[in-house]
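Structure, as structure tokens:
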Amino acid sequence: MDRRKISIEVSDELRQAWPGFQGAAVFANVKNSDYSEELWKRIGEFTELYRSKYTTDSIKDMPSIQATRQAYKKCGKDPSRYRPSSEALCRRILRGIPLYQIDTLVDLINLASINCGHSIGGFDIDKIQGYRLVLGIGKAGEPYEGIGRGELNIEGMPVYRDAVGGVGTPTSDNERTKITPDTTRLLAIMNAYSGMDGLKEDVDFMVNLMKEFADAKDIEIIFFK
């Protein structure tokens, strides 16, 4: 699939529930690896600094996390029961629990998500079906297999769908389109429910990690809403 032919759209139902949504999509050719020692040194340094600045109570006031929680409520989901991944990652390191070590692309996306507070979907482009992704709201009984979570109830949750079905929510991406060590073509979507403020800088932080640790090339960035 030619990544340039994949369009990303926001549905009317999502716009009506949360008019302030702003997305940023990063397409890139990459070289993934099982583990990067240098990246994990960076994650360790970042974690120490983060723990000196925030607590599990204070992160609720971060505009990016607060906005995502409010968007969940507007769409019909309880953000305390189904936490957005960005908040869950932040809470994890603030509770003194190490981040999961998955592979280099996933690990750097997790670092970028903690840095900005936005949930970031990471997808293997070659596993996406069709030529567009549409951000909508999950329906009752809609099938969705979250990565490492089994069947996930996505009713009332923002969800990206391809031609087959859901591929990404702020709580968990789908097993079907997940990144693996064999991924060579990446789509990372930063979901800014707090809007455009600071988003370009947050995307640049992630792209720089991709260049440094995953040899990202042919990078294309698209902002959409």
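Say a paramagnetic label sat at a point 7 Å from the Cα of D204, along Cα to Cβ; which residues of the range 76-116 have their backbone N under 16 Å from it? Under cut-off, by backbone N: 116. Once you reduce the range 190-225 and the range 128-185 to the center of their Cα atoms, the two points are 20 Å from each other.
Positive end of the dipole of the range 33-74 (Cβ unit charges, origin at the Cα centre): among F46, T68, S36, the Cα lying farthest that way belongs to T68.
Tell me the net charge near I137. Cut-off is 13 Å between Cβ atoms, I137 excluded, with +1 for each Lys or Arg and -1 for each Asp or Glu.
+2
Only helices enter the 222 nm calculation for the chain: every DSSP H run of n ≥ 4 contributes -39,500 (n - 2.57), and dividing by all residues gives -10500 deg cm²/dmol, rounded to 500. For the range 94-155, the set of chymotrypsin sites (Phe, Trp or Tyr not before Pro) satisfying both a DSSP loop assignment and a count of at most 14 other C-beta atoms within 10 Å is given as Y100, Y131. Just checking the listed ones, D126, D61, D173: in the Gaussian network model of the chain with Cα springs under 10 Å, the one fluctuating most is D61. The modelled label-to-label distance for the pair E155/F224, using points 7 Å beyond Cα in the direction of Cβ, is 2.8 nm. Under the shape rule built on the C-alpha gyration tensor, where the axes satisfy a ≥ b ≥ c, the range 170-225 is oblate, since a/c reaches at least 1.5 while a/b does not exceed b/c. The chymotrypsin sites (Phe, Trp or Tyr not before Pro) of the range 1-86 meeting both criteria, a DSSP state outside H, G, I, E and B (loop) and at most 13 other C-beta atoms within 10 angstrom of the site's C-beta, are Y35.
Overall, the chain carries a charge dipole of about 560 debye about its Cα centre when +1 sits on the Cβ of Lys and Arg and -1 on the Cβ of Asp and Glu, all other atoms neutral. Classify the range 1-108 as rounded, prolate or oblate, taking a ≥ b ≥ c as the square roots of the eigenvalues of its Cα gyration tensor: rounded when a/c is under 1.5, otherwise prolate if a/b is larger than b/c and oblate if not. Oblate shape, in that a/c is at least 1.5 and b/c is the bigger or equal ratio. If ligands, DNA and RNA are left out, what is the accessible area of I137 with a 1.4 Å probe, given in Å² to the nearest 10? Surface accessible to solvent at I137 totals approximately 20 Å².
Taking a 1.4 Å probe, which of V106, V164, V207 shows the most accessible area, and what order do the others take after it?
Result of the area sort, largest leading: V164, V106, V207.
Ordering V26, I59, Y144 by the projection of their Cα atoms onto the charge dipole of the chain, which places +1 on the Cβ of Lys and Arg and -1 on the Cβ of Asp and Glu, puts I59 at the extreme positive end. If the chain linking T55 and Q101 were pulled fully straight, counting 0.36 nm for each residue of separation and taking away their Cα-Cα distance, it would gain 14.3 nm. The structure-derived value of Cα extents along the principal axes in Å appears in the list (i) 41, 41, 34; (ii) 64, 43, 27; (iii) 52, 37, 33 under the label (i).
A Förster radius of 35 Å, combined with the Cβ-Cβ distance separating Y35 from R15, puts the computed FRET efficiency at roughly 0.30. Of the cross-linked pairs K5/K200; K77/K139; K31/K217; K41/K211, those separated by over 18 Å at the C-alpha level are K5/K200.
The values are calculated or read from the model by the stated rules, or taken from the named source; none is laboratory data. Note that the structure is a prediction, hence the values are computed from the model and not measured. Positions of Cβ are backbone-derived with ideal geometry, glycine not excepted, and every protein chain shown enters the neighbour counts. Remember, those area values only see protein heavy atoms, side chains included, never the ligands or the DNA or RNA. Shrake-Rupley method; radii C 1.70, N 1.55, O 1.52, S 1.80 Å.
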